[in-house]
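Any read-out appearing in this document is the output of simple, stated calculations on the displayed coordinates, not a laboratory observation. Note that the structure is predicted; figures quoted are calculated from it, not measured. As a convention, Cβ positions derive from the backbone with ideal geometry for all residues, glycine included, and neighbour counts pool all protein chains shown.
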Amino acid sequence: MSEVNAGDLRPIQSADDILETYAGTGNNAKTGVEIELTYFDPQSPNLRPMTIPQNKVVKNAANAKYGNDFARNEPTPETLEISSFAKGPDNLKAIMSDTQDKIEKLTTQAADIGLKRSYFQHLPEQTAANLLGNVMDIERYQAFFDPPREDMMGVAAYFSVCKSNQVSISYRTPNHLLENIRRLYLLAPFLFMIMDNNAPFDEGKIFNGHTGMRHRTALKNHGGIPPQIFTATSGEDYINAHIDQVMNNPLFVYYDQKGKLIRLPSGTWTSFNKLKEQNLNTTTNYFFSESILWPDIKIAALKNENGEVINHRYEARMFGVGLHQHQTALLITAALAFDNDFAESIDDLLFRYGFNISDLNDLKHVVDTSYYKAQKHNGKFLNIGYGTGQMIDFSNEFSDLISRSSLMQNYQEELAPLLTICRTGCTDSKVNALLFNTLEKAQDFQRSYDPEIFLNPNQCARTLFEKEIIKHPKTTSDCSAV
C-alpha cells in the first residue's frame, strides 16, 4: 500500500489546486517494479506464515544491510515488498537485474532464520481469518484492519490473501496516460490469466477460477474499472474525472489536524469533500484518499526525496508473483508504454477482437464480459471467450507481436516465459492445477522444492516442470505442446 505524508496541512479547495501534479514527466518517463514476496516456516506442521517478530527480524536486517527503504511492510506479516529503482526504457535490463538481486537478498535474509519463500504467489492453505489474526503494528494497517470493520471484511481478505507484482510508468503526458490505462484495462482479463501463479485453492478450498480477480470484486467502488475509462475523450478529461473520484471516494479512515488517523465505525463513511466541513481538506487527506483507490490500473503519486508529491504515475496491478512474473510484467508494460508501433499493433488486435474504443458504451459491455469469463474460467484457463474471439487465439497473436517489438529485440531470453505461455496456453496456474491438485501435494512441494529455482527468471512453470507435465496422465494437448 502507498504511504502518505501525514503532516501536510495545506488546503486543497478544488481540482485547480492539485492539477499540476498530473501534468506528466515528458521525456523523463520511467518505469519500475514492486514485488510482494511471501514467506513461511517449512518445518512447521501447517507451514506457518512468517510471524510479526520474524517479519521484523528479516525486514530490519535487510534494511540495515541494503538501505532503510529496502523492504517494506504490507498489512499482514507473511509478506514483505521490495521495489526496483526507476529508469527509462533503455535500461530495462538494469531494472530486471536490480529486481532479481533484491529478491535474492530478501529471500536470503528470510532463509537465515529458517523461512522459505512461497513458490505460489499465495499461501494456498491460509484463510483471510488466519492471516488477519496478525496485523502489522503500523498505524495505518492497524486503523484499516485490526480488526476489519464488518463492512470491510472482503477488502481485508483481498489484502491478506492476494499477492501481486505492480509495474509503474511515470507517463509522459495526460493523453499518454489515458491511452495506456485504457489499453491495459482492455488487456486486463488476458494479463490476469497469463500471469497468474496460484495453486488451485482459495483459502484452503478447491477453486477453479482466478482467485485474485474474485477477491478484487470485494473492493467495489474502491477498485475494479473506474467509470471514466468509458467516458473520457482526452487525457485531461480522465484526470479531471479521477480528481473528482478522489474527492468523493468513500473514506472510513482519515487524518486529523494532528496527523493522527481517525477510524470511523462500521457503516459510517466520509469523503475528502465532506472533510471540508471540518477544515480537513488537507493535502495529506487528498493523497490519502487517492491511495485507497485500488483499481486494476492505479494512478499513484510520484514523490521527491522529502516525500512531497511532484507528479503522478500509473501502476498496473494485475500481475501474479512467481519465477518470471516480475520481469515479464515489466517487459509487457514497458513495451506498451514506450514502443508506439507495438502499442498500435495491439490496439489493432484488440479492435479485431471486438474492443472498439470509438464506441465506449459497447466497449464497457465487452470488457465487463471478458472480466467475468476470466474470473470464472472454471479450469479452462486460456480456452475461454475474450471479446468476440477466444483468449488462446488472442494469446498467440499477442506473442507474435511482442516478439517483433523493436523495444524487445534485446530481450528474447527474458521473453521466453511469456512466449511459452502464450503459444501453449499453459499458464503457471494451469501447471499448478495439473500437478498440485490436492492441498497435500501443494504443501509437500512447498516444503521440498529447491529455492534455487528462483535464480533463473527466464523460465515459467511449463519449462520448469516439463518432464512432470509430459508424463502426467491428465496432460492436456496444449500443455504437452512444445
Rg and Dmax of the range 347-482, Cα atoms only, in Å: 17.2, 52
Computed E for Asp444/Lys87 - FRET, C-beta separation, R0 45 angstrom, nearest 0.05: 0.65
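How would you rank 256-264, 117-125, highest first, on the average number of other Cβ atoms within 10 Å across their residues?
Working: 256-264: 13.0, 117-125: 25.0.
Descending packing order for the listed peptides: 117-125, 256-264.
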Output the peptides 419-429, 379-389 sorted from most to least packed, where packing is the average of other Cβ atoms within 10 Å over each peptide's residues. 419-429, 379-389
Given 157-170, 91-104, 442-455, the highest-first ranking by average Cβ count within 10 Å works out to 157-170, 91-104, 442-455
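Per residue and in cubic angstrom, what volume does the convex hull of the Cα atoms of the chain have?
About 134 Å³ per residue, rounded to a whole number.
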Under 5 Å between amide H atoms, partner at least 5 residues away or on a different chain: which partners does Lys87 have, H built in plane at 1.01 Å? Thr31
Sequence order, the range 428-437: Karplus ³J(HN,Hα) from phi using 6.51 cos²θ - 1.76 cosθ + 1.60, θ = phi - 60°, Hz rounded, Gly and Pro as x, gives 4, 5, 5, 4, 4, 5, 6, 8, 10, 8
If the only charges are +1 at each Lys and Arg Cβ and -1 at each Asp and Glu Cβ, what is the size of the charge dipole of the chain around the Cα centre, to the nearest 20 debye? 900 debye
